[in-house]
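Here is the structure we will look at.
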Protein chains: 2
Amino acid sequence: MTSVNIPVYQTTAPDFNQQLQTRLAFDDSTDAGIQSAVTDIIAAVRARGDDAVVELTNKFDRIHAQSMAELTLTQADLKTAFDGLSDAQRQALQAAASRVKQYHEAQNAECGKSWQYTEADGTMLGQKVTPLDRVGIYVPGGKAAYPSSVLMNAIPAHVAGVEHIIMVVPTPDGVRNPLVLAAAYIAGVSTVFTIGGAQAVAALAYGTASVPRVDKIVGPGNAFVAEAKRRVFGQVGIDMIAGPSEILIIADGTTDPDWVAMDLFSQAEHDELAQSILLCPDADYVEKVRASINKQIETMPRADVIRASLEGRGALIVTRSMDEACDISNTIAPEHLEISALNPAQWADKIRHAGAIFMGAYTSESLGDYCAGPNHVLPTSGTARFSSPLGVYDFQKRSSLIHVSEQGANTLGKIAATLAHGEGLTAHARSAEMRLK
Amino acid sequence: MTSVNIPVYQTTAPDFNQQLQTRLAFDDSTDAGIQSAVTDIIAAVRARGDDAVVELTNKFDRIHAQSMAELTLTQADLKTAFDGLSDAQRQALQAAASRVKQYHEAQNAECGKSWQYTEADGTMLGQKVTPLDRVGIYVPGGKAAYPSSVLMNAIPAHVAGVEHIIMVVPTPDGVRNPLVLAAAYIAGVSTVFTIGGAQAVAALAYGTASVPRVDKIVGPGNAFVAEAKRRVFGQVGIDMIAGPSEILIIADGTTDPDWVAMDLFSQAEHDELAQSILLCPDADYVEKVRASINKQIETMPRADVIRASLEGRGALIVTRSMDEACDISNTIAPEHLEISALNPAQWADKIRHAGAIFMGAYTSESLGDYCAGPNHVLPTSGTARFSSPLGVYDFQKRSSLIHVSEQGANTLGKIAATLAHGEGLTAHARSAEMRLK
């Protein structure tokens, strides 16, 4: 078998920055054909509701449903799927769900609380935190159907207090994924429709006779789903549009090179566009990881995907120091960052932008993907510069609370009136002045 | 003077829901001409940087700058503007800034903290909160230039810990607004460029030789600015695209009707598309507010705008009860909600969706617009169903922290491997299995 042609860069090379930028570049523009198809699908669903959803589902998923009733699953359907799992799978799913729930409950306790304070003159200020009423969760069908994604999207919504969690999952050729339905059963999903694509997004955003209109739509999907989410943004909230998955590993050379190589594989096996990068100041260690890649690739069922990903988008980078590795990581703002090093906290402290930080040799990214507890829905493509992991806060919103006392109105009214007059807004000023003593 | 033709609805009318929906409807679609102009402007700025920004600024703002240096203000320029204000204006601005800062510091203490917990086997989980590196604040020029908006956008970023706050504000015909520059001076803005429109948004999103690339762009603007923000979303974060401003007042009939009428005016005077709605179970009181509107309209400098807004989009609604008023408010999810009633907390408790809740007769919305402390950048057009006031949390993001112990890896690895095999992801499974004892 030929060796994996993953490039090795040196940060000391004069053209290193350009090499890195070329590797990071990713074209996420949407095809005009997809845009126009999505426009038509959204218009059809808005105009003809359930009828359009059934028609489009029959067409794209190659099934023959007569009505939305056939595309609606009951709690009993979900329970049947759950009961049908092997003991090992059922226990693993429940253990993962329980840990994810526990983590998000801790998160909710930290940042999901209403708060207020009262000033000396009796004026009260604060913020009230409330859950969204209804949330839609998109779950891809077919080969990309991941039960772990159901847990990671539904559990934070449930912990946030959302009453109605509506899941949509297409069933191409009528094939249902029992692990996905079992995950919905234990994650607190209210209703499942076996629909997908832009038609499912449109139905959730605008509502039909059968599908309730939701307030926010989350979850990954193909290019049609991503474009549909972009288009309904404003009508409903959406989560980030995810790009290809990425891992960046900062290694000090103390971890078994086989572990690091396999962690790079675990990202690369997702998809040919996935990105796996190693940063390490020890050139000999980098060479050991490269050798391990070539040794272990032969044992991987998804070797073709891994090879394409590592050769097309991966890199092994020899840095001047661990500090420089942290600096480069901050410019990349990776989705997953493994700090595979002794005393990882000293390096984590220097990290400003990353979706999730996996600290120490024992913390493989795959533990976080399934069951460590934190969410696996993370900002991709450098958006960790300005966005966060999916969390309970994505399923809650805040209302400012302002209760000004009579005395407070007298103080604040003078300030407000002065500023309002300065902005030429007389009604604003007068509304404040009327409340002066 | 003719009376203001604001409609009065009764919730008992059979067609009430339709009447209300018609009033709430608002077409926010973007003109194709604007879309194409924005495409060209973004492409020009990406291709030619500062040169394009100077050219476009000269063209749209009718000025004659030779270089970006002429479009860059120093801290000394800002201080000069601040020193030139009247004592009353300077003190009002400082008092407002101080209260806004205090409120957002309280907010930061509530929900801006990193947190973590350690499990029995030594595994540590948590979330690290960090500020964005660089933020861009768009401030409209000309007649819609509001110093209060500078405070409301820049202060939360400053409190959140953002190091570089870059403000852009166009100066049509070269006219600078001293109140706006003075507000930038006290709000912690790092640099001001006197540029605006889609060209300013593009410069902030992609960076030029003079304008630093930012991580997020916030602040209101015209249709070109809104479209440009939509287009650069993903490259940078953006705040919500704001629709017309709205006020909803729930009154129990105990507040002076003149106060309530003026509060309706204070929203209506913003713009002909602004929306002012009153909900009240007391038909006689509604009639008194209507009479007050007709009495007070004659004294308003912006009477034409107020009249157009109230007649085109306003409504006075007689409800069956205060409870029904709260229910209707929840379906509208207003930007500003005044509960002008005795014991307002009993009604505020029933409110699930609102940008800000102004409680009691003394809490006019205008106090919140300027100086009560909470942010005046709020979700419009029903988006309070799923989004929140601008806050420190918009200028921070979170990174998950996961440090699994050797023992933890042994427990979690088995769960992760079972689930990974179920999803057909062998590298994920093996990466976990390698760390088993």
Restricting the search to segment B:348-358, which residues are over 15 Å from B:Ile328 (Cβ atoms) and open to solvent by 10 Å² or more (accessible area, probe 1.4 Å)?
-> B:Asp349
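Residues being assigned to a helix (DSSP H, G or I), polar (S, T, N, Q) and open to solvent by 50 Å² or more (accessible area, probe 1.4 Å): count how many of those fall in segment B:90-126.
Matching residues across segment B:90-126 total 4.
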Give the number of residues within segment B:28-49 that are among the small types (Gly, Ala, Ser) and either outside any helix (DSSP H, G or I) or in contact with a Ser or Thr (Cβ under 8 Å, 6 or more places away or on another chain) (or both).
-> 2
B:Ala187 meets each of (1) more than 21 Å from B:Arg90 (Cβ to Cβ); (2) open to solvent by less than 10 Å² (accessible area, probe 1.4 Å); (3) under 18 Å from the mean Cα position of the chain (by Cα) with one exception, condition (1)
If you go through segment B:333-347 one residue at a time, do you hit one that is buried (at least 24 other Cβ atoms within 10 Å of the Cβ), at pLDDT 95 or above and more than 25 Å from A:Leu419 (Cα to Cα)?
-> yes
Tell me which of these B:Ser148 doesn't satisfy, since it passes every other one: (1) open to solvent by less than 40 Å² (accessible area, probe 1.4 Å); (2) at pLDDT 95 or above; (3) assigned to a helix (DSSP H, G or I).
-> (2)
Verdict on B:Phe224 being aromatic (Phe, Trp, Tyr) and within 14 Å of chain A (Cβ to nearest Cβ) | no
Of the residues that sit in segment A:414-428 and are facing chain B (nearest Cβ under 7 Å) and among the small types (Gly, Ala, Ser), which one is most open to solvent (accessible area, probe 1.4 Å)?
-> A:Gly422
Mind checking which residues of segment B:131-145 are assigned to a loop (DSSP other than H, G, I, E, B), touching a residue at least 40 places away in the same chain (Cβ under 8 Å) and not acidic (Asp, Glu)?
-> B:Leu132, B:Val139, B:Pro140, B:Gly141
Quick one: B:Ala303 ticks every box in (1) without any contact (Cβ under 8 Å) to a residue 60 or more places away in the chain; (2) closer than 27 Å to A:Glu423 by Cβ; (3) within 9 Å of chain A (Cβ to nearest Cβ) bar one, so which box is it?
-> (3)
Going through segment A:242-272 in order, the residues found to be open to solvent by less than 10 Å² (accessible area, probe 1.4 Å), touching an Asp or Glu at 6+ places or on another chain (Cβ under 7 Å) and within 9 Å of another protein chain (Cβ to nearest Cβ) are A:Asp263, A:Ser266, A:Gln267
Could you count how many residues in segment B:273-288 are open to solvent by 10 Å² or more (accessible area, probe 1.4 Å), assigned to a loop (DSSP other than H, G, I, E, B) and of a type in the set (A, V, I, L, M, F, W, C)?
-> 1
Determine whether segment A:50-62 contains at least one residue that is touching a strand residue (DSSP E or B) at 6+ places or on another chain (Cβ under 8 Å) and either buried (at least 18 other Cβ atoms within 10 Å of the Cβ) or outside the structural domain of A:Ala182 (by TED's automatic domain parsing) (or both).
-> no
Within segment B:40-79, track down each residue that is touching a Leu at 6+ places or on another chain (Cβ under 8 Å) and of a type in the set (Ser, Thr, Tyr).
-> B:Thr57
Enumeration of residues in segment B:20-49 that are without any contact (Cβ under 8 Å) to a residue 40 or more places away in the chain and open to solvent by less than 50 Å² (accessible area, probe 1.4 Å) = B:Gly33
Residues (facing another protein chain (nearest Cβ under 7 Å) and of a type outside the set (Lys, Arg)) located in segment B:392-407 | B:Ser399, B:Ser400, B:Leu401, B:Ile402, B:His403, B:Val404, B:Ser405, B:Glu406
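The values are calculated or read from the model by the stated rules, or taken from the named source; none is laboratory data. Small disclaimer: the values here were computed from a predicted structure and weren't measured. Note: ideal-geometry Cβ built from the backbone for every residue, glycine included; neighbour counts use all protein chains shown. When the accessible area is computed, the model is the full protein with side chains, heavy atoms only, and any ligands, DNA or RNA have been set aside. Shrake-Rupley method; radii C 1.70, N 1.55, O 1.52, S 1.80 Å.
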